[in-house]
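Okay, structure first, notes after.
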Amino acid sequence: MKLWGGRFESGSSEAFERFSGSLRFDRKLVSADIEGSRAFARALARAGIVTEAECRQLLAAFDEIAREAESPDYFQGAEDEDIHTFVIRKLGEKAGAVSAKIHTGRSRNEQVSSDIRLYLRSAADTILQQIADFCEALLALARKYPDAVIPGYTHLRRAQAVLWPHYLLAYFEMFERDYERMQQARGRINVMPLGAGALAGSGFGFDRQAIARELNFAAITRNSMDASGDRDFALDFLYASSVILLHLSRLAEDWILYSSEEFRWMALGDGVTSGSSLMPQKKNPDSLELMRGKSGRVFGALTSLFVTMKGLPMTYNRDMQEDKEPLFEAFEQTSGSLAMAKVVAESVTLDRARPAEAAEESWVVATDLAEELARSGVPFHRAHQLVGQLVLESFKANKRPGDWTPETLAAFAPEFKPGMARLLHPAEGMRTRELPGGTGPAAVAAALEQAEQRLAAMRSGGTQA
Ligand code: ARG
């Protein structure tokens with residue numbers, strides 16, 4: 001079925017129908033389309049275009065379609081141009097003549113925008129919930145090993161020691177920002193376009209605020225041309241999703257490394273790893289690799305819609321139909337990856353001894369020593385030089401930091417006072433980093449506490465945009 005045709009003398013070519021039809025993917029919008037159309041039917045009644053009785057008839061038919069649409073083969077054999085056409089055809093089958101009034105003063109241009117907004121609003125809610133669930137798993141993993149010491153890296157070279165919870169709280173920060181970003185996207189999504197018509201505003205004086213209230217939209221679009229041509233809200237969703245995947249991908253990379261035989265800091269649960277069909281000893285981190293891999297698909301979705309929208313003249317253009325598959329794809333992969341990440345985090349066990357040993361045997365204490373010298377009055381530049389020489393000497397003599405004693409240190413350079421030798425142990429240096437945001441044990445305990453509170457705020461809707 002088509003919702004147009006009067007001005008055509010012959011029908012569409014098969015090639016065009018196949019090329020332009022979107023029902024095979026936009027069927028995912030069926031409940032959003034019905035929800036929006038129900039609200040629109042009531043708007044038609046308020047505007048006196050259908051009677052109350054006709055409106056009830058339409059609503060009953062929509063309910064029936066919604067119920068039937070739950071069946072997996074509901075769309076079998078359907079040849080309608082898109083989901084909007086499909087729903088209207090079904091409406092005709094159920095409600096008869098009155099169905100011909102449902103599209104009064106309405107364009108598919110505003111309808112598709114409304115449908116996508118409803119779909120994305122609930123997608124955003126799912127993602128928000130999943131971010132909070134994953135953040136909870138991160139905090140649980142942090143609390144499991146509150147005082148474990150690991151080397152922190154820059155350039156993938158051991159840099160300074162940090163506490164395990166401090167490391168995980170860095171990811172908490174990233175995912176909390178993702179939460180905020182997704183909330184902001186939700187705010188942009190949650191605006192009601194119906195009444196915009198094709199581009200110029202509907203010729204019927206619909207109470208747009210009432211439609212918005214019924215559909216729980218926070219506001220109405222302010223300009224009909226913008227409403228018709230805008231997909232910024234979809235780009236916002238894709239960008240927010242992309243940054244989530246970027247963060248998951250970096251976490252995946254960390255944990256693939258940390259669970260490797262080269263590191264052996266952590267073990268991933270059997271439930272999230274797989275074996276090799278040939279090599280019996282293998283336990284591969286496929287869950288994390290796939291998370292890292294799927295990021296490419298989500299970034300691809302963002303890029304795809306970006307490029308689609310670039311250069312489109314005002315207002316709606318059919319190119320915009322290409323927004324749907326990237327959106328569905330991004331939602332599916334983002335949601336799937338967050339669900340996986342939570343299960344992986346719950347499966348992780350840390351071998352505290354190995355990262356602690358890695359910190360002990362390397363010179364992650366060098367900065368602590370140099371700073372202690374500076375606190376004792378040695379100009380930092382000189383202190384840096386001195387500790388650099390100590391490190392060089394240690395490499396030559398094959399000494400670990402812990403091999404130095406107060407006496408041998410003082411003999412190396414008189415600036416090293418006896419009390420400074422305690423800083424040769426990584427856990428000591430951390431005690432000097434108690435300022436807010438640092439890895440000092442008290443600062444980290446406080447940060448963990450605050451993170452718990454912020455998680456609770458996320459749970460209760462947080463800073464809902
Ligand atoms: N199926 C179209 C889309 O997804 C909506 C219909 C608007 N089509 C049109 N020719 N004005 O964007």
Q | helices (runs of 4 or more DSSP H) fully within the stretch 12-90 counting 3 or more residues that are of a type in the set (Lys, Arg) and open to solvent by 10 Å² or more (accessible area, probe 1.4 Å) | A | 30-46
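When the stretch 332-341 is examined, which residues are found to be surrounded by 19 or more Cβ atoms within 10 Å (Cβ to Cβ) and out of contact with any Ser or Thr (no Cβ under 7 Å at 6 or more places or on another chain)? Lay out the reasoning, then the answer.
First, the residues of the stretch 332-341 that are surrounded by 19 or more Cβ atoms within 10 Å (Cβ to Cβ): 333-334, 337-338, 340-341.
Within the stretch 332-341, 333, 337, 338, 341 meet the criteria.
Restricting the search to the stretch 319-333, which residues are over 16 Å from residue 115 (Cα atoms) and among the charged types (D, E, K, R)? Working first, answer last.
Of all residues in the stretch 319-333, those over 16 Å from residue 115 (Cα atoms) come to 319, 329-330, 332-333.
Selection gives 319, 329, 332.
Do any helices (runs of 4 or more DSSP H) lying entirely in the stretch 375-465 carry at least 2 residues that are surrounded by 17 or more Cβ atoms within 10 Å (Cβ to Cβ) and not polar (S, T, N, Q), and which ones are they? Break it down into steps so the answer makes sense when it comes.
On the way: elements: 380-397, 406-412, 426-430, 441-459.
Passing ranges, in order: 380-397, 426-430, 441-459.
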**Q.** Unmet requirement for residue 312, which otherwise passes all of (1) within 16 Å of the ligand (Cβ to nearest atom); (2) under 22 Å from residue 120 (Cα atoms)
**A.** (2)
Q. Does residue 104 qualify as being more than 14 Å from the ligand (Cβ to nearest atom), over 22 Å from the mean Cα position of the chain (by Cα), in contact (Cβ under 8 Å) with a residue 12 or more places away in the chain and closer than 30 Å to residue 319 by Cα?
A. yes
(Q) Given the condition open to solvent by less than 10 Å² (accessible area, probe 1.4 Å) and under 15 Å from the mean Cα position of the chain (by Cα), answer yes or no: does some residue in the stretch 152-167 qualify? (A) no
Q) On the given criteria, is residue 346 modelled with pLDDT of 95 or more, within 16 Å of the ligand (Cβ to nearest atom) and either open to solvent by 40 Å² or more (accessible area, probe 1.4 Å) or not in a helix (DSSP H, G or I) (or both)? A) no
Q: Report yes if some residue within the stretch 342-356 is closer than 30 Å to residue 198 by Cβ and either in contact with a strand residue (DSSP E or B) (Cβ under 8 Å, 6 or more places away or on another chain) or basic (Lys, Arg) (or both); otherwise report no.
A: no
Q) Do the conditions hold for residue 92, that is, is it more than 16 Å from the ligand (Cβ to nearest atom) and closer than 17 Å to residue 3 by Cα? A) yes
Q) Regarding residue 67, is this residue within 16 Å of the ligand (Cβ to nearest atom) and of a type outside the set (A, V, I, L, M)? A) no
**Q.** Only one of 198, 227, 234, 219 that is open to solvent by 30 Å² or more (accessible area, probe 1.4 Å) and touching a residue at least 40 places away in the same chain (Cβ under 8 Å)
**A.** 198
(Q) Pairs needed: first member in the stretch 311-338, in a helix (DSSP H, G or I); second member anywhere, open to solvent by 60 Å² or more (accessible area, probe 1.4 Å) and within 12 Å of the ligand (Cβ to nearest atom); C-beta distance under 9 Å; at least 6 residues apart or different chains. (A) 324/28; 328/28
Q. For the subset of the stretch 237-282 comprising residues that are small (Gly, Ala, Ser) and open to solvent by 60 Å² or more (accessible area, probe 1.4 Å), which member is modelled with the highest pLDDT?
A. 271
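I need a count of the residues in the stretch 278-310 that are part of a loop (DSSP other than H, G, I, E, B) and either in contact with a helix residue (DSSP H, G or I) (Cβ under 9 Å, 6 or more places away or on another chain) or aliphatic (A, V, I, L, M) (or both). So that I can check it myself, show each step before the final result.
As a first pass, look at the stretch 278-310 and keep what is part of a loop (DSSP other than H, G, I, E, B): 278-283, 285, 310.
Adding the requirement that they be either in contact with a helix residue (DSSP H, G or I) (Cβ under 9 Å, 6 or more places away or on another chain) or aliphatic (A, V, I, L, M) (or both) leaves 278-279, 283, 285.
Qualifying residue count, the stretch 278-310: 4.
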(Q) If I filter the stretch 260-282 down to residues being under 18 Å from residue 293 (Cβ atoms) and in contact (Cβ under 8 Å) with a residue 40 or more places away in the chain, which single residue comes out as farthest from the chain's Cα centre (by Cα)? (A) 268
Q) What is the residue count in the stretch 410-463 for residues that are farther than 30 Å from residue 125 by Cα and among the charged types (D, E, K, R)? A) 7
Q.
Could you check the stretch 323-343 and list, in sequence order, the residues that are over 13 Å from residue 131 (Cβ atoms), more than 16 Å from the ligand (Cβ to nearest atom) and among the aliphatic types (A, V, I, L, M)?
A. 330, 340, 343
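The values are calculated or read from the model by the stated rules, or taken from the named source; none is laboratory data. In this text, all values refer to a predicted model and were calculated from it rather than measured experimentally. All Cβ positions, even for glycine, are placed from backbone atoms using ideal geometry, and neighbour counts span all protein chains on display. SASA here: full protein model, heavy atoms, side chains in, ligands and nucleic acids out. Shrake-Rupley method; radii C 1.70, N 1.55, O 1.52, S 1.80 Å.
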